[in-house]
Amino acid sequence: MLAPRNAARRISERARGSTLDFVGSHILSVEQFERTDIDDLFAVADAMLPYADRQRITRVLEGAILTNMFFEPSTRTRVSFGSAFNLLGGDVRETTGMRASSLAKGESLYDTARVLSGYSDVIVMRHPVEGAVAEFAAASRVPVLNAGDGANEHPSQALLDLYTVRRELADRGHAIDGLRIAVIGDLKHGRAVHSLLKLLVLFEDVSVHLVSPPGLEAPPDTTAALRERGHAVEVFHTLADGIGHVDILYVTRTQEERFASQAEADHYRGLFRVNQAIYTEHCEPNTVIMHPLPRDSRAQAQELDDDLIANPNLAIFRQTDNGVVVRMALFAMVLDVAAQVHERAQPVTWYTARRTPPSGRG
Ligand code: CP
């Protein structure tokens with residue numbers, strides 16, 4: 001890693017060459033990004049590691065306010081966006097659940113955006129309706145980051161997933177170019193998958209196995225660009241057929257909240273379960289196991305079995321840790337402080353358990 005000041009200078013110089021002008025931009029879809037933008041964002045994320053790892057503190061966003069608006073359940077996206085902002089020195093205000101908001105009284109997204117953007121420097125929003133975050137952003141006077149809109153997109157999740165892929169493959173001597181990945185489960189409704197498939201278009205020579213039960217295939221528009229760019233895309237309907245000969249297994253939950261009926265969701269729950277025995281039988285050694293989480297740990301589901309917890313290739317908690325640095329990088333670039341992060345850095349003064357194993361594994 002570069003020394004902080006050199007890293008900051010390089011980040012500033014590279015950011016000027018970005019195709020996406022991050023500063024002041026809404027982040028609504030991964031389709032906004034070019035490959036150079038990803039490189040820039042990940043360079044900033046790398047520079048955030050000492051802060052997320054509690055080796056140093058910075059107050060570069062002191063005085064700034066993030067409003068976190070989550071109108072669907074969330075654990076890691078809401079808390080990691082909030083933690084990322086706090087780690088940069090900013091304050092966080094939150095609204096969670098539709099009933100706790102005046103949207104429940106009939107207030108429009110337009111009025112809500114006009115009001116809350118008067119109180120905030122940046123807004124993060126999750127909403128159950130596709131396109132609702134973009135509608136809100138159109139009326140906002142401050143940048144809006146999409147934390148998931150219905151079954152459409154989850155851009156920050158895809159960015160942290162790709163960042164995780166990059167780190168895990170680097171540990172194994174590979175780059176993202178040439179990636180072989182199996183995405184598994186509910187590919188029809190999984191917004192994290194939709195965003196990730198669109199991001200992979202930016203890389204070279206990617207091979208994607210789409211592994212789902214019949215009826216839960218990825219929508220054609222999420223794979224069209226991959227096919228057009230000449231990447232290998234194959235469809236499988238069994239785990240045994242689809243999970244061999246890949247570098248990454250990206251497992252997803254049956255998104256029961258998106259189904260028309262509970263009975264329909266119940267039909268699919270538990271059909272695909274990746275466990276240690278299946279992994280040992282079908283996967284190459286050191287195949288990385290990822291999942292955007294939450295995984296469904298109920299006995300009837302277990303799409304990622306608890307017996308994988310001792311497998312060193314299970315990267316799901318490294319993935320969630322990476323969410324903090326990627327979200328710190330998004331805030332730093334959108335609010336134009338990436339080059340200043342280190343200027344007021346100090347060592348931490350309290351006890352901290354070392355959080356990031358040197359190899360990135362564990
Ligand atoms: N991955 C993800 O979006 O998790 P949460 O729903 O807990 O935020």
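The values are calculated or read from the model by the stated rules, or taken from the named source; none is laboratory data. Keep in mind the model is a prediction, meaning the values are calculated, not measured. Glycine also receives a Cβ, built like all others from the backbone with ideal geometry; neighbour counts cover every protein chain displayed. These accessible areas exclude ligands, DNA and RNA; they are computed on the full protein's heavy atoms, side chains included. Shrake-Rupley method; radii C 1.70, N 1.55, O 1.52, S 1.80 Å.
Open to solvent by less than 10 Å² (accessible area, probe 1.4 Å) and touching a Phe, Trp or Tyr at 6+ places or on another chain (Cβ under 9 Å): is that true of VAL133 in this structure? Break it down into steps so the answer makes sense when it comes.
Numbers: open to solvent by less than 10 Å² (accessible area, probe 1.4 Å): yes; touching a Phe, Trp or Tyr at 6+ places or on another chain (Cβ under 9 Å): no.
No, not satisfied.
So ASP205 fits all but one of (1) among the acidic types (Asp, Glu); (2) under 16 Å from the mean Cα position of the chain (by Cα); (3) at positive phi; what number is the exception?
Going through the list (1) among the acidic types (Asp, Glu); (2) under 16 Å from the mean Cα position of the chain (by Cα); (3) at positive phi, ASP205 breaks only (2).
Within the set of pairs 6+ apart or on separate chains, which have a first residue in the range 290-313 that is open to solvent by 60 Å² or more (accessible area, probe 1.4 Å), a second that is among the charged types (D, E, K, R), and C-beta atoms under 6 Å apart?
Filtered contacts from the range 290-313: GLN300/ARG269; PRO312/ARG361.
Answer yes or no as to whether ALA339 is of a type in the set (Gly, Ala, Ser) and open to solvent by less than 20 Å² (accessible area, probe 1.4 Å).
Working: of a type in the set (Gly, Ala, Ser): yes; open to solvent by less than 20 Å² (accessible area, probe 1.4 Å): no.
No; evaluated as a whole, the condition is false for this residue.
Scan the range 137-148 for residues that are within 16 Å of the ligand (Cβ to nearest atom) and either surrounded by fewer than 21 Cβ atoms within 10 Å (Cβ to Cβ) or within 14 Å of LYS198 (Cβ to Cβ) (or both) and jot them down. Break it down into steps so the answer makes sense when it comes.
Just the residues of the range 137-148 that are within 16 Å of the ligand (Cβ to nearest atom), to begin with: 145-148.
Passing the criteria: only ASN146.
To keep it simple, each residue is scored yes or no on (1) over 21 Å from the mean Cα position of the chain (by Cα); (2) within 18 Å of ARG35 (Cα to Cα); (3) open to solvent by 20 Å² or more (accessible area, probe 1.4 Å).
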residue: HIS194; (1), (2), (3): no, yes, no
residue: LEU199; (1), (2), (3): no, yes, no
residue: GLU234; (1), (2), (3): yes, no, yes
residue: ILE248; (1), (2), (3): no, no, no
residue: VAL251; (1), (2), (3): no, no, no
residue: ALA260; (1), (2), (3): yes, no, yes
residue: ASN275; (1), (2), (3): yes, no, yes
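So which residues in the range 305-335 are closer than 24 Å to VAL124 by Cα and assigned to a loop (DSSP other than H, G, I, E, B)? Spell out the reasoning first.
Keep residues of the range 305-335 that are closer than 24 Å to VAL124 by Cα, which gives 316-335.
Listed by number, the list holds a single entry, LEU335.
Taking only the range 99-127 into account, find how many residues are within 16 Å of the ligand (Cβ to nearest atom) and either modelled with pLDDT under 95 or among the basic types (Lys, Arg) (or both).
1
Could you grab the pairs with beta carbons closer than 7 Å, sequence gap of 6+ or different chains, first residue in the range 99-114 and open to solvent by less than 60 Å² (accessible area, probe 1.4 Å), second one outside any helix (DSSP H, G or I)?
SER101/THR95; ALA113/SER140
Restricting attention to the range 158-188, which residues are assigned to a strand (DSSP E or B) and either within 13 Å of HIS291 (Cα to Cα) or open to solvent by less than 20 Å² (accessible area, probe 1.4 Å) (or both)? Lay out the reasoning, then the answer.
Here is the first cut: in the range 158-188, the residues assigned to a strand (DSSP E or B) are 180-184.
Answer for the range 158-188, where residues must be assigned to a strand (DSSP E or B) and either within 13 Å of HIS291 (Cα to Cα) or open to solvent by less than 20 Å² (accessible area, probe 1.4 Å) (or both): ILE181, ALA182, VAL183, ILE184.
Quick one: would you say GLU284 is exposed (fewer than 13 other Cβ atoms within 10 Å of the Cβ), under 17 Å from ILE184 (Cα atoms) and touching a residue at least 12 places away in the same chain (Cβ under 8 Å)? Break it down stepwise before answering.
Details: exposed (fewer than 13 other Cβ atoms within 10 Å of the Cβ): yes; under 17 Å from ILE184 (Cα atoms): yes; touching a residue at least 12 places away in the same chain (Cβ under 8 Å): yes.
Answer is yes for this residue.
Only one residue in GLU62, GLU94 is over 18 Å from HIS154 (Cβ atoms), charged (D, E, K, R), free of Cβ contacts under 8 Å to residues at least 60 places away in the same chain and within 16 Å of the ligand (Cβ to nearest atom). Which one? Working first, answer last.
Numbers: GLU62 fails: within 16 Å of the ligand (Cβ to nearest atom).
It is GLU94.
State the number of residues belonging to the range 273-304 that are within 16 Å of the ligand (Cβ to nearest atom) and in a strand (DSSP E or B).
Of the residues in the range 273-304, 3 are within 16 Å of the ligand (Cβ to nearest atom) and in a strand (DSSP E or B).
Looking only at the range 65-91, which residues are within 13 Å of the ligand (Cβ to nearest atom) and either in a loop (DSSP other than H, G, I, E, B) or at positive phi (or both)?
PHE71, GLU72, PRO73, SER74, THR75
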